[in-house]
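The values are calculated or read from the model by the stated rules, or taken from the named source; none is laboratory data. These figures come from a predicted structure and were not determined experimentally. Positions of Cβ are generated from backbone atoms using ideal geometry, with glycine treated the same way; all protein chains shown enter the neighbour counts. Ligands, DNA and RNA are excluded from the accessible area calculation, which covers all protein heavy atoms including side chains. Shrake-Rupley method; radii C 1.70, N 1.55, O 1.52, S 1.80 Å.
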Amino acid sequence: MILLAKKKATRNSKIDQAPKTQQPTIFSTIPIFLVMLLVPLVMRLKIVELDPQSAQIWIEGSHNLDFNAYWKMIFLVVLAVIAGLIMVMEWFLTKKTFVSRRWWMPAAAFSVLTLLSTFFSSNPTVARRGVMDHYEGMWALLAYMLLFVTTLYLVQTSQQRRFVLHGLLFSSIIIGIIGTLQWIGYDPIIAPWFQRMMLPPELHHAITDSGHMGGGHSVYATLGNSNYVGSFTALTIPVLLAAAYINKNHRVLKILYTMASVVMFITLMGSQSRAGIAAFLTMVIVATSFVLIKASGKTKKIVLAGSGGTLAVLLIIALIHPPIVNRTMAELQHKENPAGLTDLWIEENLITMETTQGILHIQYEKDQRIVLKDETGNPIENIAESPFAAYEISLDHASEHPVLLVDNQKKAIEFPYIHDEFHITDLKGEIRPYERVEKWGFEGREDLGSRRGYTWSRTLPLLKDHLLIGAGPGNFIFEFPQDDFLGQLQGYNHPNRIVSNPHNQYLQIAIYTGLLSLLMFIVLIGQFFWSWCRNNKQKLDLREENQLLLTAITLGIVGYLVAAVFNDSIVAIAPVFWILLAMGIQLQSECNQEDDGKNEKTEI
């Protein structure tokens, strides 16, 4: 019976542990600790010279002045490489068995697809470095995978995990303090003392002492945008709260972790991030549905208290910022676009307008007159007596070329007739050929999620071109139809606004490195959740350190993945996700071994 129990424990072990003769130390995990500490915080001006293709599309010209992403990416890559070297050295010295194939193979496949997408990219410079203001290119994506594998290999003991989490503790406290100050009206980021840290000495003369008090109360901390605050807080707050309990016998650490949790909650409240709110609502549902089924009596009380507290915080946010709810409800309503158009086709001398009143055909005849027809092809003699009475349609011969004017009293459109073909005059006043943009879904709901519905509807059709490999990291900006005339006309895409990312991490992965790489990501995440659900055979006791931390990390990952529906992956947050995911996998293995140990004792 004892031999059978031992064999079962060996078979169910998911990750081979280090030889017991040599206890791992925290020194090998210092680079991972520094990633958690420094990467979310680094802010420093970098003037990036753009390649010709980027400079042509970038509204700021031939250079990008970046404060939030470039140096974060550099720190990330350097520290990931150091961690990788330490892993290799430890493997040579200890001959410790490598991590389980089921975990590193999806990461390796993702890395290969990243390399292939970069190699075949139309702009390999951007693919390697990343797009402007984000700088999440090939090097950053490979660094994520390297950090994931090195964390699996190097971070194996409770002491190492606690040490790595201390890095997250201090970065969270700083981000939370900055966010809290921004919420109450003082923005340290634009204060002179902070600008001196971000700017090189030769630019200190340009620092002014105005605007850091009051302001718009925009909360973004060191993450660059209030939307990303939602992703970061959803990922970290459960872990910080769990760490506060784990360190309950260490007074200073307990206070610090509790403080970090509080200021991060305040930062979430100030950011008004709807992605963060949605993430926390989902975490509450997961906690109260799954954990209560598995938990013991006292643990259920802890879960109910935590869920109730979270709901109370979310309710306070809604009461303090009622526009959050009102805006969301308004965006869910079907809206008529201001131009009255739902689609537009131009074929030489024929314009076909799909309007809210029906389909209208406008044809330019050789005798320099226009003929109007309905969708059945019947001529419209008097537009004032037709369903299209709201439109005024005329032909102007005053300019060099005839210009068809279509006005629905809200928007006026000009169609110059040049070389026997209709063109358009875009919102910049430039005359150009019309190119119809393919779109999928969100008709009438393009405003959803701060116009994310519009962006997603134009991004989804791009997926069919990137089934195996993607356009290359950062190359979404060149794939997206930036000159979408219909979108601009409807007010969803301003002519001076560049859409650089899809505001959805899953679409971002699919466009960057292909649908196959997205499948690898889903397989990896799916394995994690499947293992967590399947292997929790014993009653869950959150008083045990490993089970509490694993549950917290799992909830944080759930929150991050929900926020990822509305947010992109960025270098300030993604490394924290991949490190915590690896720690969660390691904790699963340890919890399973503990369960097998309990079963073994029971059988004896």
Reported set for segment 194-226 where residues are at pLDDT 90 or above and over 15 Å from PHE67 (Cα atoms) is VAL219, SER226
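Each row is one residue, and each column tells you yes or no for (1) open to solvent by 60 Å² or more (accessible area, probe 1.4 Å); (2) within 23 Å of LYS72 (Cα to Cα); (3) not in a helix (DSSP H, G or I).
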position	(1), (2), (3)
GLN156	no, no, yes
LEU169	no, yes, no
GLY179	no, yes, no
SER218	yes, yes, yes
GLY224	no, yes, yes
TYR228	no, yes, no
Within segment 38-59, is there a residue that is modelled with pLDDT of 95 or more, in the same structural domain as ALA221 (by the TED database) and in a helix (DSSP H, G or I)? yes
Number of the exception - GLY487 against (1) farther than 22 Å from ILE59 by Cα; (2) open to solvent by less than 30 Å² (accessible area, probe 1.4 Å); (3) not assigned by the TED database to the domain that holds ILE370: (1)
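May I ask you to list the residues in segment 408-419 that are closer than 21 Å to LEU360 by Cβ and open to solvent by 50 Å² or more (accessible area, probe 1.4 Å)?
Taking segment 408-419 first, the residues closer than 21 Å to LEU360 by Cβ are 408-417.
GLN409, LYS410, LYS411, ALA412, GLU414 - these are the residues of segment 408-419 that are closer than 21 Å to LEU360 by Cβ and open to solvent by 50 Å² or more (accessible area, probe 1.4 Å).
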So ALA55 fits all but one of (1) farther than 19 Å from PHE480 by Cβ; (2) over 22 Å from the mean Cα position of the chain (by Cα); (3) of a type in the set (A, V, I, L, M, F, W, C); what number is the exception? (1)
Looking at segment 393-404 only, could you name the residues that are of a type outside the set (Gly, Ala, Ser) and surrounded by fewer than 14 Cβ atoms within 10 Å (Cβ to Cβ)? ASP396, HIS397, GLU400, HIS401
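Taking the conditions exactly as written (out of contact with any helix residue (DSSP H, G or I) (no Cβ under 7 Å at 6 or more places or on another chain), crowded, with 16+ Cβ neighbours inside 10 Å, polar (S, T, N, Q) and farther than 26 Å from GLN333 by Cα), does THR425 satisfy them or not? Walk me through how you get there before you give the answer.
Numbers: out of contact with any helix residue (DSSP H, G or I) (no Cβ under 7 Å at 6 or more places or on another chain): yes; crowded, with 16+ Cβ neighbours inside 10 Å: yes; polar (S, T, N, Q): yes; farther than 26 Å from GLN333 by Cα: yes.
Yes, satisfied.
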Of the residues that make up segment 558-568, is at least one surrounded by fewer than 23 Cβ atoms within 10 Å (Cβ to Cβ), at pLDDT below 95 and part of a helix (DSSP H, G or I)? no
Go through THR10, THR25, THR97 for me and flag whichever is at pLDDT below 95, assigned by the TED database to the domain that holds ALA260 and hydroxyl-bearing (Ser, Thr, Tyr). THR97
Determine whether segment 364-382 contains at least one residue that is in contact (Cβ under 8 Å) with a residue 40 or more places away in the chain, over 34 Å from the mean Cα position of the chain (by Cα), surrounded by 14 or more Cβ atoms within 10 Å (Cβ to Cβ) and part of a loop (DSSP other than H, G, I, E, B). no
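Of everything in segment 496-527 that's assigned to a helix (DSSP H, G or I) and of a type in the set (S, T, N, Q), which residue is most open to solvent (accessible area, probe 1.4 Å)? Break it down into steps so the answer makes sense when it comes.
Kept after step one, since they are assigned to a helix (DSSP H, G or I), are these residues of segment 496-527: 505-513, 515-527.
Applying the additional criterion that residues be of a type in the set (S, T, N, Q) yields 505, 508, 513, 517, 527.
On the way: GLN505: 10, GLN508: 4, THR513: 2, SER517: 0, GLN527: 43 Å².
Among them, the one singled out is GLN527.
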